[in-house]
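Asks: Take this structure, written in C-alpha coordinates, and hold onto it; I'll ask about it next.
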Amino acid sequence: MIRINENYTKLKASYLFSDISKRVAAFQQANPDKQIIRLGIGDVTEPLPPACIEAMQAATAEMASRATFRGYGPEQGYGFLREAIAQHDYAARGCRIEPDEIFVSDGAKCDSGNIQEIFATDIRLAIPDPVYPVYIDTNVMAGRTGENVDGRYQGVMYLESTPQNGYVPAVPDSPADLIYLCFPNNPTGAVATREQLKAWVDYARRSRAVILFDSAYEAYIRDPAIPHSIYEIEGAREVAIELRSMSKTAGFTGMRCAYAVVPKSVTAWDRAGKPHALHALWNRRHTTKFNGVAYPIQRSAAAIFSEAGKKQVREMTDFYLGNAALIRAAAARLGFGCIGGDNAPYIWLNTGRDSWEFFDLLLARAGVVCTPGAGFGKCGEGHVRISAFNSRENVAAALERIQKALA
Ligand code: MLT
(Lines give C-alpha, C1' and ligand atoms only; values in the text may rest on other atoms or scores of the structure.)
Protein backbone atom coordinates (compact mmCIF):
# COMPACT_ATOMS: atom_id res chain seq x y z
CA MET A 1 0.00 0.00 0.00
CA ILE A 2 1.41 3.32 -1.04
CA ARG A 3 1.51 5.77 1.85
CA ILE A 4 1.71 9.54 1.98
CA ASN A 5 4.24 11.80 3.62
CA GLU A 6 2.09 12.46 6.69
CA ASN A 7 3.93 15.68 7.44
CA TYR A 8 1.74 17.20 4.73
CA THR A 9 -1.32 16.61 6.90
CA LYS A 10 0.12 19.05 9.46
CA LEU A 11 -0.05 21.88 6.93
CA LYS A 12 -2.91 24.29 6.46
CA ALA A 13 -5.06 23.06 3.57
CA SER A 14 -3.64 25.50 1.03
CA TYR A 15 -0.82 27.95 0.48
CA LEU A 16 -1.63 31.50 1.66
CA PHE A 17 -1.66 33.13 -1.76
CA SER A 18 -3.76 30.34 -3.29
CA ASP A 19 -6.21 30.80 -0.44
CA ILE A 20 -6.46 34.52 -1.15
CA SER A 21 -6.88 33.97 -4.90
CA LYS A 22 -9.77 31.60 -4.22
CA ARG A 23 -11.51 34.16 -1.99
CA VAL A 24 -10.96 36.91 -4.55
CA ALA A 25 -12.23 34.69 -7.39
CA ALA A 26 -15.38 33.86 -5.41
CA PHE A 27 -15.94 37.56 -4.71
CA GLN A 28 -15.43 38.44 -8.38
CA GLN A 29 -17.91 35.77 -9.44
CA ALA A 30 -20.50 37.13 -7.04
CA ASN A 31 -19.74 40.73 -8.10
CA PRO A 32 -18.88 40.53 -11.80
CA ASP A 33 -19.10 44.31 -12.32
CA LYS A 34 -16.70 45.21 -9.53
CA GLN A 35 -13.24 46.24 -10.72
CA ILE A 36 -10.86 44.61 -8.28
CA ILE A 37 -7.45 46.17 -7.60
CA ARG A 38 -4.81 43.74 -6.38
CA LEU A 39 -2.35 44.96 -3.80
CA GLY A 40 -2.05 41.47 -2.33
CA ILE A 41 0.56 39.11 -3.73
CA GLY A 42 3.80 40.88 -4.55
CA ASP A 43 3.64 40.44 -8.29
CA VAL A 44 5.20 43.07 -10.51
CA THR A 45 3.16 44.90 -13.14
CA GLU A 46 5.65 47.02 -15.09
CA PRO A 47 7.22 45.69 -18.30
CA LEU A 48 10.78 44.38 -18.31
CA PRO A 49 13.65 46.88 -18.63
CA PRO A 50 14.43 47.46 -22.35
CA ALA A 51 18.03 46.28 -21.80
CA CYS A 52 16.68 42.90 -20.63
CA ILE A 53 14.32 42.63 -23.59
CA GLU A 54 17.10 43.41 -26.08
CA ALA A 55 19.44 40.85 -24.52
CA MET A 56 16.71 38.21 -24.54
CA GLN A 57 15.88 38.91 -28.19
CA ALA A 58 19.56 38.64 -29.18
CA ALA A 59 19.87 35.36 -27.26
CA THR A 60 16.71 34.02 -28.91
CA ALA A 61 18.24 34.84 -32.30
CA GLU A 62 21.32 32.83 -31.29
CA MET A 63 19.08 29.86 -30.56
CA ALA A 64 17.73 30.10 -34.12
CA SER A 65 21.07 29.37 -35.75
CA ARG A 66 22.96 26.06 -35.75
CA ALA A 67 26.25 27.88 -35.18
CA THR A 68 25.13 29.60 -32.00
CA PHE A 69 22.41 27.28 -30.74
CA ARG A 70 22.82 26.01 -27.15
CA GLY A 71 21.37 22.94 -25.48
CA TYR A 72 21.86 22.17 -21.79
CA GLY A 73 23.86 24.84 -20.03
CA PRO A 74 25.81 24.48 -16.80
CA GLU A 75 23.33 23.62 -14.03
CA GLN A 76 24.82 26.33 -11.81
CA GLY A 77 24.38 29.02 -14.45
CA TYR A 78 26.49 30.43 -17.27
CA GLY A 79 29.82 32.03 -16.39
CA PHE A 80 28.79 35.37 -17.89
CA LEU A 81 25.93 35.71 -15.40
CA ARG A 82 27.76 34.35 -12.34
CA GLU A 83 30.70 36.67 -13.04
CA ALA A 84 28.42 39.70 -13.47
CA ILE A 85 26.66 38.90 -10.18
CA ALA A 86 29.95 38.43 -8.31
CA GLN A 87 31.27 41.71 -9.63
CA HIS A 88 28.23 43.99 -9.44
CA ASP A 89 26.24 42.60 -6.51
CA TYR A 90 29.21 41.70 -4.30
CA ALA A 91 32.69 43.01 -5.22
CA ALA A 92 31.18 46.47 -5.79
CA ARG A 93 29.99 46.39 -2.15
CA GLY A 94 33.28 45.12 -0.81
CA CYS A 95 32.08 41.50 -0.42
CA ARG A 96 34.31 38.63 -1.51
CA ILE A 97 32.08 36.18 -3.38
CA GLU A 98 33.53 34.01 -6.14
CA PRO A 99 31.48 33.31 -9.28
CA ASP A 100 31.55 29.59 -8.49
CA GLU A 101 29.89 30.27 -5.12
CA ILE A 102 26.82 31.51 -7.01
CA PHE A 103 24.10 29.06 -8.09
CA VAL A 104 21.66 30.47 -10.62
CA SER A 105 18.14 29.09 -10.20
CA ASP A 106 14.53 29.60 -11.21
CA GLY A 107 13.48 31.46 -8.09
CA ALA A 108 14.20 32.43 -4.51
CA LYS A 109 10.97 30.69 -3.53
CA CYS A 110 12.34 27.41 -4.94
CA ASP A 111 15.77 27.99 -3.38
CA SER A 112 14.37 28.77 0.04
CA GLY A 113 12.19 25.67 -0.16
CA ASN A 114 14.93 23.41 -1.51
CA ILE A 115 17.89 24.44 0.60
CA GLN A 116 16.57 22.79 3.77
CA GLU A 117 17.07 19.43 2.07
CA ILE A 118 20.81 19.49 2.78
CA PHE A 119 20.27 19.70 6.56
CA ALA A 120 19.37 16.99 9.08
CA THR A 121 15.71 16.61 9.96
CA ASP A 122 16.27 16.98 13.72
CA ILE A 123 17.93 20.40 13.73
CA ARG A 124 16.56 23.36 15.70
CA LEU A 125 14.84 25.94 13.51
CA ALA A 126 14.58 29.65 14.22
CA ILE A 127 11.90 31.14 12.00
CA PRO A 128 10.48 34.67 12.03
CA ASP A 129 6.85 35.40 12.84
CA PRO A 130 5.39 36.89 10.67
CA VAL A 131 7.14 34.99 7.90
CA TYR A 132 7.13 34.29 4.17
CA PRO A 133 5.16 31.00 4.44
CA VAL A 134 7.59 28.99 2.30
CA TYR A 135 10.26 28.91 5.03
CA ILE A 136 8.03 27.24 7.55
CA ASP A 137 5.85 25.12 5.24
CA THR A 138 8.82 23.41 3.56
CA ASN A 139 10.24 22.48 6.95
CA VAL A 140 6.88 21.09 8.00
CA MET A 141 6.84 18.99 4.81
CA ALA A 142 10.31 17.69 5.68
CA GLY A 143 9.20 16.62 9.16
CA ARG A 144 11.24 19.17 11.10
CA THR A 145 8.28 20.30 13.20
CA GLY A 146 5.54 18.87 15.35
CA GLU A 147 1.83 19.52 14.93
CA ASN A 148 0.34 22.97 14.52
CA VAL A 149 -1.11 23.91 17.88
CA ASP A 150 -2.92 27.20 18.19
CA GLY A 151 -1.30 28.62 15.04
CA ARG A 152 2.25 27.51 15.79
CA TYR A 153 4.23 24.40 14.87
CA GLN A 154 5.63 22.57 17.84
CA GLY A 155 9.40 22.49 18.20
CA VAL A 156 10.08 25.69 16.22
CA MET A 157 11.74 28.71 17.80
CA TYR A 158 9.68 31.66 16.57
CA LEU A 159 11.45 34.98 16.19
CA GLU A 160 8.74 37.51 16.90
CA SER A 161 8.60 40.76 14.95
CA THR A 162 6.31 43.15 16.76
CA PRO A 163 5.71 46.89 17.10
CA GLN A 164 7.66 46.67 20.39
CA ASN A 165 10.91 45.55 18.72
CA GLY A 166 10.41 47.64 15.58
CA TYR A 167 9.58 44.40 13.72
CA VAL A 168 13.21 43.22 13.88
CA PRO A 169 13.65 40.26 16.23
CA ALA A 170 16.59 40.23 18.63
CA VAL A 171 18.84 37.16 18.89
CA PRO A 172 17.38 34.52 21.21
CA ASP A 173 18.95 33.37 24.50
CA SER A 174 19.12 29.74 23.41
CA PRO A 175 20.92 28.34 20.35
CA ALA A 176 19.33 27.42 17.02
CA ASP A 177 20.86 25.55 14.08
CA LEU A 178 19.14 26.99 11.00
CA ILE A 179 18.06 30.61 11.18
CA TYR A 180 15.85 32.23 8.55
CA LEU A 181 16.21 35.98 8.10
CA CYS A 182 14.74 38.18 5.39
CA PHE A 183 15.68 41.85 4.99
CA PRO A 184 14.17 44.05 3.61
CA ASN A 185 11.50 41.92 5.14
CA ASN A 186 8.60 40.16 3.52
CA PRO A 187 5.93 40.78 4.80
CA THR A 188 6.74 43.74 7.07
CA GLY A 189 9.08 45.81 4.85
CA ALA A 190 11.33 46.33 7.89
CA VAL A 191 15.08 46.61 7.33
CA ALA A 192 17.90 45.49 9.62
CA THR A 193 20.82 47.70 10.54
CA ARG A 194 24.45 46.64 10.32
CA GLU A 195 24.54 46.23 14.13
CA GLN A 196 21.42 44.04 14.15
CA LEU A 197 22.82 41.81 11.40
CA LYS A 198 26.19 41.65 13.17
CA ALA A 199 24.41 40.35 16.30
CA TRP A 200 22.82 37.59 14.19
CA VAL A 201 26.12 36.63 12.54
CA ASP A 202 27.87 36.50 15.93
CA TYR A 203 25.01 34.41 17.32
CA ALA A 204 25.25 31.98 14.39
CA ARG A 205 29.02 31.67 14.88
CA ARG A 206 28.57 31.00 18.61
CA SER A 207 25.86 28.40 17.93
CA ARG A 208 27.70 26.82 14.96
CA ALA A 209 24.51 27.57 13.05
CA VAL A 210 23.69 28.63 9.50
CA ILE A 211 21.74 31.76 8.55
CA LEU A 212 19.59 31.58 5.47
CA PHE A 213 19.49 35.24 4.46
CA ASP A 214 16.82 36.16 1.94
CA SER A 215 17.63 39.51 0.37
CA ALA A 216 15.24 39.29 -2.57
CA TYR A 217 14.16 42.90 -1.94
CA GLU A 218 17.58 44.51 -1.53
CA ALA A 219 17.16 46.61 -4.71
CA TYR A 220 14.61 48.69 -2.78
CA ILE A 221 17.06 49.85 -0.11
CA ARG A 222 17.60 53.58 -0.37
CA ASP A 223 19.12 54.28 3.06
CA PRO A 224 22.89 54.09 2.45
CA ALA A 225 23.53 52.85 6.01
CA ILE A 226 21.48 49.65 5.50
CA PRO A 227 23.44 46.58 4.29
CA HIS A 228 22.23 45.00 1.05
CA SER A 229 23.97 41.70 1.71
CA ILE A 230 24.72 39.64 4.79
CA TYR A 231 28.28 39.38 3.47
CA GLU A 232 28.78 43.05 4.28
CA ILE A 233 28.97 41.77 7.87
CA GLU A 234 32.28 40.42 9.11
CA GLY A 235 32.23 36.68 9.65
CA ALA A 236 29.15 36.03 7.50
CA ARG A 237 31.13 34.05 4.91
CA GLU A 238 31.47 31.29 7.53
CA VAL A 239 27.81 31.05 8.51
CA ALA A 240 25.49 32.48 5.85
CA ILE A 241 23.80 31.43 2.66
CA GLU A 242 22.18 34.29 0.76
CA LEU A 243 19.23 34.16 -1.62
CA ARG A 244 18.55 36.79 -4.23
CA SER A 245 16.17 37.14 -7.12
CA MET A 246 15.69 39.15 -10.28
CA SER A 247 11.90 38.95 -9.73
CA LYS A 248 11.36 42.08 -7.70
CA THR A 249 14.62 43.70 -8.79
CA ALA A 250 13.88 43.80 -12.51
CA GLY A 251 10.31 42.56 -13.00
CA PHE A 252 11.29 38.92 -13.58
CA THR A 253 8.42 37.16 -11.75
CA GLY A 254 7.27 35.67 -15.05
CA MET A 255 10.81 35.05 -16.30
CA ARG A 256 12.16 32.99 -13.38
CA CYS A 257 15.75 33.81 -12.52
CA ALA A 258 17.33 34.00 -9.10
CA TYR A 259 20.43 32.82 -7.34
CA ALA A 260 21.75 31.33 -4.12
CA VAL A 261 25.18 32.21 -2.76
CA VAL A 262 26.83 29.39 -0.87
CA PRO A 263 30.37 30.41 0.14
CA LYS A 264 32.84 27.53 0.27
CA SER A 265 33.59 28.46 3.88
CA VAL A 266 30.07 27.71 5.22
CA THR A 267 30.24 24.52 7.24
CA ALA A 268 27.83 22.08 8.85
CA TRP A 269 28.65 18.90 10.73
CA ASP A 270 27.65 15.26 10.51
CA ARG A 271 26.57 13.12 13.46
CA ALA A 272 30.19 12.17 14.16
CA GLY A 273 31.19 15.83 14.34
CA LYS A 274 33.01 15.85 11.01
CA PRO A 275 32.72 19.20 9.18
CA HIS A 276 31.31 19.40 5.64
CA ALA A 277 31.32 22.33 3.22
CA LEU A 278 27.71 23.16 2.35
CA HIS A 279 28.91 24.33 -1.05
CA ALA A 280 29.69 20.73 -2.05
CA LEU A 281 26.36 19.46 -0.77
CA TRP A 282 24.36 22.17 -2.52
CA ASN A 283 26.32 21.67 -5.73
CA ARG A 284 25.47 17.95 -5.55
CA ARG A 285 21.80 18.69 -4.96
CA HIS A 286 21.57 21.40 -7.61
CA THR A 287 23.29 19.38 -10.34
CA THR A 288 21.18 16.32 -9.56
CA LYS A 289 17.79 18.00 -9.48
CA PHE A 290 18.10 21.08 -11.70
CA ASN A 291 19.10 21.58 -15.31
CA GLY A 292 19.70 25.30 -15.34
CA VAL A 293 17.77 28.43 -16.28
CA ALA A 294 17.03 28.99 -19.97
CA TYR A 295 19.86 30.67 -21.88
CA PRO A 296 17.82 33.69 -23.14
CA ILE A 297 16.60 34.31 -19.58
CA GLN A 298 20.15 34.26 -18.23
CA ARG A 299 21.28 36.66 -20.95
CA SER A 300 18.36 38.90 -20.08
CA ALA A 301 19.29 38.72 -16.36
CA ALA A 302 22.91 39.61 -17.12
CA ALA A 303 21.69 42.77 -18.89
CA ILE A 304 20.52 44.07 -15.51
CA PHE A 305 24.19 44.75 -14.80
CA SER A 306 24.88 46.77 -17.97
CA GLU A 307 24.98 50.56 -17.57
CA ALA A 308 21.59 50.91 -19.28
CA GLY A 309 20.17 47.98 -17.29
CA LYS A 310 21.26 49.44 -13.95
CA LYS A 311 19.61 52.76 -14.78
CA GLN A 312 16.38 51.09 -15.91
CA VAL A 313 16.24 48.86 -12.81
CA ARG A 314 16.71 51.91 -10.63
CA GLU A 315 13.86 53.69 -12.44
CA MET A 316 11.60 50.67 -12.02
CA THR A 317 12.29 50.23 -8.31
CA ASP A 318 11.95 54.01 -7.81
CA PHE A 319 8.56 53.78 -9.49
CA TYR A 320 7.29 51.12 -7.07
CA LEU A 321 8.78 53.04 -4.13
CA GLY A 322 6.78 56.05 -5.37
CA ASN A 323 3.65 53.90 -5.02
CA ALA A 324 4.81 52.85 -1.58
CA ALA A 325 5.18 56.49 -0.52
CA LEU A 326 1.56 57.14 -1.56
CA ILE A 327 0.40 54.13 0.46
CA ARG A 328 2.36 55.27 3.52
CA ALA A 329 0.88 58.76 3.25
CA ALA A 330 -2.66 57.34 2.99
CA ALA A 331 -1.99 55.11 6.03
CA ALA A 332 -0.95 58.18 8.01
CA ARG A 333 -4.10 60.06 6.94
CA LEU A 334 -6.21 57.10 8.06
CA GLY A 335 -4.41 57.06 11.41
CA PHE A 336 -2.80 53.61 11.01
CA GLY A 337 0.71 52.98 12.22
CA CYS A 338 2.83 51.34 9.56
CA ILE A 339 6.32 50.19 8.71
CA GLY A 340 8.01 49.43 5.39
CA GLY A 341 7.62 51.15 2.06
CA ASP A 342 10.71 53.35 2.37
CA ASN A 343 13.33 50.64 1.72
CA ALA A 344 10.93 47.92 0.65
CA PRO A 345 7.94 47.45 -1.66
CA TYR A 346 5.66 46.26 1.18
CA ILE A 347 3.82 48.34 3.74
CA TRP A 348 2.81 46.62 6.98
CA LEU A 349 -0.26 48.30 8.36
CA ASN A 350 -1.08 48.03 12.04
CA THR A 351 -4.87 48.04 11.81
CA GLY A 352 -5.49 46.75 15.32
CA ARG A 353 -8.33 44.63 13.88
CA ASP A 354 -8.73 40.99 12.96
CA SER A 355 -6.68 40.75 9.80
CA TRP A 356 -8.97 38.45 7.79
CA GLU A 357 -11.94 40.62 8.76
CA PHE A 358 -10.06 43.68 7.54
CA PHE A 359 -9.14 41.84 4.33
CA ASP A 360 -12.82 40.99 3.74
CA LEU A 361 -13.86 44.55 4.51
CA LEU A 362 -11.42 46.06 2.01
CA LEU A 363 -12.47 43.55 -0.61
CA ALA A 364 -16.21 44.02 -0.08
CA ARG A 365 -16.29 47.79 0.38
CA ALA A 366 -13.35 48.95 -1.70
CA GLY A 367 -12.73 46.07 -4.11
CA VAL A 368 -9.08 46.13 -3.02
CA VAL A 369 -7.04 43.02 -2.23
CA CYS A 370 -4.43 43.15 0.51
CA THR A 371 -2.79 40.26 2.39
CA PRO A 372 -4.07 39.51 5.89
CA GLY A 373 -1.23 39.55 8.40
CA ALA A 374 -2.43 36.42 10.18
CA GLY A 375 -1.61 34.48 7.02
CA PHE A 376 2.06 35.13 7.76
CA GLY A 377 1.91 33.96 11.37
CA LYS A 378 0.50 34.66 14.78
CA CYS A 379 2.35 37.98 15.17
CA GLY A 380 0.81 39.11 11.88
CA GLU A 381 -2.61 39.31 13.53
CA GLY A 382 -3.86 42.89 13.70
CA HIS A 383 -1.89 43.79 10.57
CA VAL A 384 -2.29 43.66 6.80
CA ARG A 385 0.36 43.85 4.10
CA ILE A 386 -0.15 46.24 1.21
CA SER A 387 1.99 45.68 -1.84
CA ALA A 388 3.31 48.61 -3.87
CA PHE A 389 3.44 46.48 -7.03
CA ASN A 390 0.85 47.97 -9.34
CA SER A 391 0.37 50.84 -11.76
CA ARG A 392 0.30 54.38 -10.31
CA GLU A 393 -3.26 54.73 -11.53
CA ASN A 394 -4.41 51.58 -9.73
CA VAL A 395 -2.61 52.46 -6.51
CA ALA A 396 -4.13 55.94 -6.49
CA ALA A 397 -7.61 54.53 -7.21
CA ALA A 398 -7.21 51.85 -4.54
CA LEU A 399 -6.21 54.40 -1.92
CA GLU A 400 -9.14 56.62 -2.77
CA ARG A 401 -11.51 53.68 -2.47
CA ILE A 402 -9.97 52.55 0.84
CA GLN A 403 -10.28 56.05 2.24
CA LYS A 404 -13.98 56.13 1.30
CA ALA A 405 -14.57 52.61 2.62
CA LEU A 406 -13.08 53.41 6.00
CA ALA A 407 -14.60 56.88 6.35
C1 MLT B 1 4.71 37.66 -1.90
O2 MLT B 1 3.69 38.25 -2.23
O3 MLT B 1 5.01 37.45 -0.71
C4 MLT B 1 5.62 37.20 -2.95
O5 MLT B 1 5.18 37.57 -4.20
C6 MLT B 1 5.71 35.76 -2.95
C7 MLT B 1 6.89 35.28 -3.72
O8 MLT B 1 7.78 36.05 -4.08
O9 MLT B 1 6.91 34.08 -3.93
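The values are calculated or read from the model by the stated rules, or taken from the named source; none is laboratory data. It should be emphasised that the depicted structure is a prediction, and the values quoted were computed from it without experimental measurement. Please note: Cβ atoms are built from the backbone with ideal geometry, for glycine as well, and neighbour counts cover all protein chains shown.
Asks: So which of ARG328, ARG314 is surrounded by fewer than 23 Cβ atoms within 10 Å (Cβ to Cβ) and touching a strand residue (DSSP E or B) at 6+ places or on another chain (Cβ under 8 Å)?
Replies: Working: ARG314 fails: touching a strand residue (DSSP E or B) at 6+ places or on another chain (Cβ under 8 Å).
None of the others qualify; the one that does is ARG328.
Asks: Just to confirm my filter: which strands (runs of 3 or more DSSP E) fall fully inside the range 158-272 and include at least 3 residues that are of a type in the set (A, V, I, L, M)? Talk me through it step by step, then tell me what you get.
Replies: Working: elements: 178-182, 210-214, 240-245, 258-261, 267-269.
Correct list: 178-182, 210-214, 240-245, 258-261.
Asks: Inspect all residues belonging to the range 14-22 and state whether any of them is within 16 Å of the ligand (Cβ to nearest atom) and in contact with an Asp or Glu (Cβ under 8 Å, 6 or more places away or on another chain). Full working, then the answer.
Replies: To start, the set of residues in the range 14-22 that are within 16 Å of the ligand (Cβ to nearest atom) comprises 14-22.
Still in the running and in contact with an Asp or Glu (Cβ under 8 Å, 6 or more places away or on another chain): 15.
The answer is yes; a qualifying residue exists.
Asks: Based on this model, can you work out whether ARG333 counts as of a type in the set (D, E, K, R) and either over 27 Å from GLY251 (Cα atoms) or out of contact with any strand residue (DSSP E or B) (no Cβ under 7 Å at 6 or more places or on another chain) (or both)?
Replies: Details: of a type in the set (D, E, K, R): yes; either over 27 Å from GLY251 (Cα atoms) or out of contact with any strand residue (DSSP E or B) (no Cβ under 7 Å at 6 or more places or on another chain) (or both): yes.
It is true that ARG333 is of a type in the set (D, E, K, R) and either over 27 Å from GLY251 (Cα atoms) or out of contact with any strand residue (DSSP E or B) (no Cβ under 7 Å at 6 or more places or on another chain) (or both).
Asks: Determine the pairs where a residue that is closer than 15 Å to VAL262 by Cα, located within the range 93-111, has a partner that is in a loop (DSSP other than H, G, I, E, B) and within 16 Å of the ligand (Cβ to nearest atom) with Cβ atoms under 6 Å apart, the partner being 6 or more residues away or on another chain.
Replies: Final answer for the pair search is ALA108/ALA216.
Asks: While we're looking at this one, here's another question. Could you look through the range 23-49, keep only residues that are away from the ligand (no atom under 11 Å from the Cβ) and acidic (Asp, Glu), and pick out the one that is modelled with the highest pLDDT? Steps first, please.
Replies: Looking only at the range 23-49, we keep the residues that are away from the ligand (no atom under 11 Å from the Cβ), and these are 23-37, 45-49.
From the residues that got through so far, the ones that are acidic (Asp, Glu) too are 33, 46.
Values: ASP33: 94, GLU46: 97.
For the range 23-49, the residue satisfying everything is GLU46.
Asks: Pull up the range 58-67, narrow it to residues that are of a type in the set (A, V, I, L, M) and assigned to a helix (DSSP H, G or I), then point me to the one that is surrounded by the fewest Cβ atoms within 10 Å (Cβ to Cβ). Even if it seems obvious, please write down each step before you answer.
Replies: From the range 58-67, those of a type in the set (A, V, I, L, M) are 58-59, 61, 63-64, 67; that's our starting set.
Applying the additional criterion that residues be assigned to a helix (DSSP H, G or I) yields 58-59, 61, 63.
Details: ALA58: 13, ALA59: 20, ALA61: 11, MET63: 13.
It comes out as ALA61.
Asks: Between GLY309, GLY251, which is within 16 Å of the ligand (Cβ to nearest atom), in contact with a Pro (Cβ under 9 Å, 6 or more places away or on another chain) and among the small types (Gly, Ala, Ser)?
Replies: Values: GLY309 fails: within 16 Å of the ligand (Cβ to nearest atom).
Answer to the check: GLY251.
Asks: Do we have TYR90 as closer than 19 Å to ALA258 by Cα, away from the ligand (no atom under 16 Å from the Cβ) and among the aromatic types (Phe, Trp, Tyr) here? Full working, then the answer.
Replies: On the way: closer than 19 Å to ALA258 by Cα: yes; away from the ligand (no atom under 16 Å from the Cβ): yes; among the aromatic types (Phe, Trp, Tyr): yes.
So TYR90 fits the description; yes.
Asks: Within the range 182-224, track down each residue that is under 13 Å from ALA344 (Cα atoms) and away from the ligand (no atom under 16 Å from the Cβ).
Replies: Of everything in the range 182-224, those that are under 13 Å from ALA344 (Cα atoms) and away from the ligand (no atom under 16 Å from the Cβ) turn out to be VAL191, ALA192, ILE221, ARG222, ASP223.
Asks: Quick one: which of ALA324, ALA301, ALA308, ALA294 is within 21 Å of the chain's Cα centre (by Cα), under 28 Å from GLN87 (Cβ atoms), hydrophobic (A, V, I, L, M, F, W, C) and at pLDDT 95 or above?
Replies: Sole residue among the options that is within 21 Å of the chain's Cα centre (by Cα), under 28 Å from GLN87 (Cβ atoms), hydrophobic (A, V, I, L, M, F, W, C) and at pLDDT 95 or above: ALA301.
Asks: Have a look at GLY155, GLY151 and point out the one that is farther than 22 Å from ALA219 by Cα and at pLDDT below 95. Break it down stepwise before answering.
Replies: Numbers: GLY155 fails: at pLDDT below 95.
Exactly one residue qualifies, and that residue is GLY151.
To keep it simple, each residue is scored yes or no on (1) touching a helix residue (DSSP H, G or I) at 6+ places or on another chain (Cβ under 8 Å); (2) assigned to a loop (DSSP other than H, G, I, E, B); (3) within 16 Å of the ligand (Cβ to nearest atom); (4) under 27 Å from ASP270 (Cα atoms).
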| residue | (1), (2), (3), (4) |
| --- | --- |
| ASN114 | yes, no, yes, yes |
| ALA120 | no, yes, no, yes |
| VAL140 | yes, no, no, yes |
| GLY143 | yes, yes, no, yes |
| GLY155 | no, yes, no, yes |
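Asks: Right, something else. Does the range 38-57 include one or more residues that are touching a residue at least 24 places away in the same chain (Cβ under 8 Å), surrounded by 11 or more Cβ atoms within 10 Å (Cβ to Cβ), out of contact with any Phe, Trp or Tyr (no Cβ under 7 Å at 6 or more places or on another chain) and more than 27 Å from ALA260 (Cα to Cα)?
Replies: Taking every residue of the range 38-57 in turn, at least one turns out to be touching a residue at least 24 places away in the same chain (Cβ under 8 Å), surrounded by 11 or more Cβ atoms within 10 Å (Cβ to Cβ), out of contact with any Phe, Trp or Tyr (no Cβ under 7 Å at 6 or more places or on another chain) and more than 27 Å from ALA260 (Cα to Cα).
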